[in-house]
Ligand code: MSP
């Protein structure tokens with residue numbers, strides 16, 4: 001059976017506020033998912049929420065709500081956010097759902113039965129805010145802990161530990177032999193450097209329920225709940241498992257699988273995550289999977305972080321970009337375009353309002369918008385909206401961009417793909433200036449030439465709609481509708497010269513990106 005292309009995002013902390021960083025990651029994943037579907041792959045795109053842990057428990061308490069009621073309210077906000085970004089996720093996981101919790105417990109039972117865990121007393125420091133154990137190595141030169149850890153308390157408690165150390169050499173070998181497992185390459189080197197220069201500490205996978213009860217109870221010891229990262233990472237496999245995915249080990253998957261089960265999604269093709277959570281995904285997660293006997297994901301794809309005006313975004317200083325406000329003012333495609341065009345997957349990015357407005361006006365309004373609007377308006381004016389006979393003057397240039405875009409999409413080079421697509425936008429705008437159809441129209445002797453020019457322009461617009469569809473789905477749909485074409489331009493194979501038939505009547509041209517002059 002063929003395998004579905006499976007891409008996941010990090011699951012966001014439910015108590016956080018949806019911001020540019022969350023939006024960026026989800027939009028990148030959405031473009032990758034849409035482009036795979038467009039190229040004919042069945043796809044599974046998963047995103048969702050990380051809902052357990054101390055911070056959630058405390059925040060709920062502070063608002064006088066039960067943690068579940070608190071999570072339910074926020075989950076509605078996050079789902080609205082996903083819709084606002086026009087994500088095409090196939091599922092939305094919440095770690096407080098029974099379907100997730102059941103599989104986490106099955107994983108824990110299996111690892112416990114196989115002797116992967118041991119119980120031990122821990123004496124030392126603990127950061128409640130970060131839910132993490134600290135050692136003297138974490139102290140700053142003056143002996144204090146970084147304020148980011150919040151209150152640090154001394155603990156003396158029993159917990160369960162996962163034998164990470166035992167798998168260290170295996171992981172080094174695995175990452176060395178599978179160079180694509182972590183991308184970009186500099187992130188892989190970072191992980192290998194870390195693994196080669198440090199002895200892995202065994203991972204504490206429990207928290208005493210007496211101290212923290214907003215978590216998944218350990219199935220073999222109800223006095224404890226599961227460490228939130230063990231719980232959260234598992235989401236990538238618990239959802240396929242709960243859907244009866246045949247790629248998941250049988251003892252973890254829902255049995256029997258549904259009759260008309262779709263092709264397996266697991267192992268994931270891409271876990272898209274930010275650079276701050278690389279260690280969890282490239283160290284803990286592969287070891288967890290190996291221990292549970294599940295195949296490993298093909299790739300952890302690591303993106304950089306956005307700043308605003310050269311500074312870290314922070315709610316307390318007000319230095320934030322609110323994606324919802326941007327979308328309400330400029331439209332979702334303008335937002336998607338800016339983040340995808342501005343920042344490649346890997347390095348850090350910087351949002352500036354001037355940069356956003358300049359791309360909006362140069363590339364969207366004056367570039368793409370102007371091309372489509374004048375091409376279709378001229379076709380309407382000079383040929384009553386009826387497509388003339390096929391002409392292939394711009395075909396070689398269009399075919400080159402189509403092939404380039406396909407190759408770049410297959411490698412998830414989204415920024416490169418947009419650059420390539422805009423080279424066609426620029427070429428077609430230049431073609432208008434060079435051929436000057438408005439002049440041709442003045443002399444009936446030029447009617448044949450005008451037909452050719454109008455065909456080439458309309459056909460470029462159609463191809464652009466197909467190429468742009470994963471990135472700017474609404475705009476692509478509008479171009480299609482203005483061309484009078486039914487359906488959505490969501491099949492890459494439609495990007496082939498000559499699709500517009502002679503005699504076809506287009507729809508009504510309308511500006512795609514209204515100019516916003518100050
Ligand atoms: N809940 C964990 C992830 C668990 S995955 C099993 C978490 N949540 S988060 O809400 O803090 O972050 C979610 C994602 O947003 C992460 O991949 C993170 O890197 C990303 N970003 C958070 N701030 C960001 C920027 N300023 N810029 C880009 N991405 C950023 O971590």
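Please treat every number below as a calculation from the coordinates, not as lab data. All values derive from a computational prediction rather than experimental measurement. We place every Cβ from the backbone using ideal geometry, glycine too, and count neighbours over all the protein chains shown.
Given a Förster radius of 35 Å and the C-beta distance between residue 62 and residue 354 as r, what FRET efficiency does 1/(1 + (r/R0)^6) yield to the nearest 0.05?
Here the calculated transfer efficiency is 0.35.
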Mean separation of Cα contacts under 8 Å, 6 or more apart, over the residue count of the chain: relative contact order %: 15 percent
Exposure proxy order (Cβ contacts within 10 Å, fewest to most) of 85, 408: 408, 85
Expected 222 nm ellipticity per residue - DSSP helices of 4 or more, -39500 (n - 2.57), all of the chain, to 500: -13500 deg cm²/dmol
Estimated distance in nm for a label pair at residue 180 and residue 449, the labels positioned 7 Å out from Cα along Cα-to-Cβ: 5.0 nm
Sorted peptide list for 447-455, 310-318, 7-15, criterion being average Cβ within 10 angstrom, highest first: 7-15, 447-455, 310-318
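Per residue and in cubic angstrom, what volume does the convex hull of the Cα atoms of the chain have?
Considering the Cα atoms of the chain, their hull volume per residue is 168 Å³.
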Label point at residue 169 placed 7 Å out along Cα→Cβ; residues across the stretch 113-129 whose backbone nitrogen lies under 15 Å: none
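From Cα pairs below 8 angstrom and at least 6 apart in sequence, can you work out the relative contact order of the stretch 352-494, rounded to a whole percent?
Numbers: 129 pairs, mean separation 37.6, N = 143.
Relative contact order here is 26 percent.
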Kirkwood Rh in Å, taken over all unlike Cα pairs in the stretch 1-160: 18.8 Å
12 Å cut-off, amide nitrogen to a point 7 angstrom out along residue 194 Cα→Cβ, residues in the stretch 264-305: 274-286
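Can you sort 164, 155 from fewest to most other Cβ atoms within 10 Å of each residue's own Cβ? List each step's numbers first, then the result.
Numbers: 164 20, 155 16.
Least to most surrounded, the residues fall as 155, 164.
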For the stretch 352-494, convex hull of alpha carbons as volume per residue, Å³: 109 Å³
